[in-house]
Amino acid sequence: DTAVSQTPKYLVTQMGNDKSIKCEQNLGHDTMYWYKQDSKKFLKIMFSYNNKELIINETVPNRFSPKSPDKAHLNLHINSLELGDSAVYFCASSPGGGWTDTQYFGPGTRLTVL
Amino acid sequence: AQTVTQSQPEMSVQEAETVTLSCTYDTSESNYYLFWYKQPPSRQMILVIRQEAYKQQNATENRFSVNFQKAAKSFSLKISDSQLGDTAMYFCAFMKLNSGYALNFGKGTSLLVTP
């Protein structure tokens, strides 16, 4: 009965490759997010979707493309991976996208680019 | 843009003692939310406590409480009766209205609870 799940948990790949990280939530939430945690543990918002509509798109290289096939899923596709993309990527969700809502985080995906 | 500052990169406390983690933030907003999240070695992000800026009363959750000073833009977390399981990174976070509900995080404080 995992609330927010991500696959894979670990991803090791070569520079220049394209990879995807999947996120699913079974909480019935309307809003989903992607955060990036760098090697110094700093967490920063990348994207958020409300009911499959993009509402936040921070200054992120356009090699990163989120895709929301339905409101329970928000996948992150990364093209032409670079060394600097190595980080932990967290998916999160919240009930209605309201500012009173708690965000629930997935377990994170550690991406290592060699 | 809002900035969140956690001035203590690392802290240590003995089991059963009390520890306070500092957080200050910079904003021109009058209404917003503040949060403390915990990230243990398992990497999972766990909500510890949250505070609505319009509420004067400080939030409490069992052994965790906050000291919210709106005028000073300060939001410290007090952990009472520290337990070994409290060992984790603690992140202070800010959310403003109409921001797409993104959390703006501080750089974190690594807390070690020792026996």
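Here is a yes/no grid of residues against (1) in contact with an Asp or Glu (Cβ under 7 Å, 6 or more places away or on another chain); (2) of a type outside the set (Phe, Trp, Tyr); (3) over 26 Å from B:Ser42 (Cβ atoms):
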residue: A:Lys9; (1), (2), (3): no, yes, no
residue: A:Gly16; (1), (2), (3): no, yes, yes
residue: A:Gln25; (1), (2), (3): no, yes, no
residue: A:Phe42; (1), (2), (3): no, no, no
residue: A:Asn62; (1), (2), (3): no, yes, yes
residue: A:Ala92; (1), (2), (3): no, yes, no
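For the structure I just gave you, tell me whether B:Ala102 is assigned to a loop (DSSP other than H, G, I, E, B), open to solvent by less than 30 Å² (accessible area, probe 1.4 Å) and closer than 30 Å to A:Tyr49 by Cβ. When the stated conditions are applied, B:Ala102 passes them.
The number of residues in segment B:69-87 that are open to solvent by 10 Å² or more (accessible area, probe 1.4 Å), within 23 Å of A:Gln37 (Cα to Cα) and within 13 Å of the chain's Cα centre (by Cα) comes to 1. Count of segment A:39-53 residues, restricted to those that are touching a residue at least 12 places away in the same chain (Cβ under 8 Å) and within 10 Å of chain B (Cβ to nearest Cβ), is 8.
Among the residues of segment B:72-92, at least one is within 14 Å of another protein chain (Cβ to nearest Cβ) and either of a type in the set (Phe, Trp, Tyr) or not in a strand (DSSP E or B) (or both).
Among the residues of segment A:54-76, is any free of Cβ contacts under 8 Å to residues at least 60 places away in the same chain, of a type in the set (Lys, Arg), open to solvent by less than 40 Å² (accessible area, probe 1.4 Å) and part of a loop (DSSP other than H, G, I, E, B)? Yes - at least one qualifying residue is present in segment A:54-76.
Do you know which residues across segment A:85-114 are modelled with pLDDT of 95 or more and more than 12 Å from the chain's Cα centre (by Cα)? If the condition is that a residue be modelled with pLDDT of 95 or more and more than 12 Å from the chain's Cα centre (by Cα), then A:Asp85, A:Ser86, A:Thr112, A:Val113, A:Leu114 are the ones that fit.
With the structure loaded, tell me whether A:Leu81 is modelled with pLDDT of 95 or more, within 14 Å of chain B (Cβ to nearest Cβ) and open to solvent by less than 40 Å² (accessible area, probe 1.4 Å) or whether it fails that test. When the stated conditions are applied, A:Leu81 does not pass them. Among the residues of segment A:1-33, those identified as more than 14 Å from chain B (Cβ to nearest Cβ) and either touching a helix residue (DSSP H, G or I) at 6+ places or on another chain (Cβ under 8 Å) or of a type in the set (Lys, Arg) (or both) are A:Met15, A:Lys19, A:Lys22.
Report whether or not B:Leu97 is in contact (Cβ under 8 Å) with a residue 12 or more places away in the chain, open to solvent by 30 Å² or more (accessible area, probe 1.4 Å) and more than 26 Å from A:Glu58 (Cβ to Cβ). Here the answer is no, as B:Leu97 does not meet what is asked. The residues of segment A:18-41 that are of a type in the set (S, T, N, Q) and open to solvent by less than 60 Å² (accessible area, probe 1.4 Å), listed by number, are A:Ser20, A:Gln25, A:Thr31, A:Gln37.
The values are calculated or read from the model by the stated rules, or taken from the named source; none is laboratory data. Please read these numbers as outputs of a predicted model, since none were measured by experiment. Because the Cβ atoms are built from the backbone with ideal geometry, glycine has one as well, and the counts that use them run over all protein chains shown. The accessibility values were calculated without ligands, DNA or RNA, using every heavy atom of the protein model including side chains. Shrake-Rupley method; radii C 1.70, N 1.55, O 1.52, S 1.80 Å.
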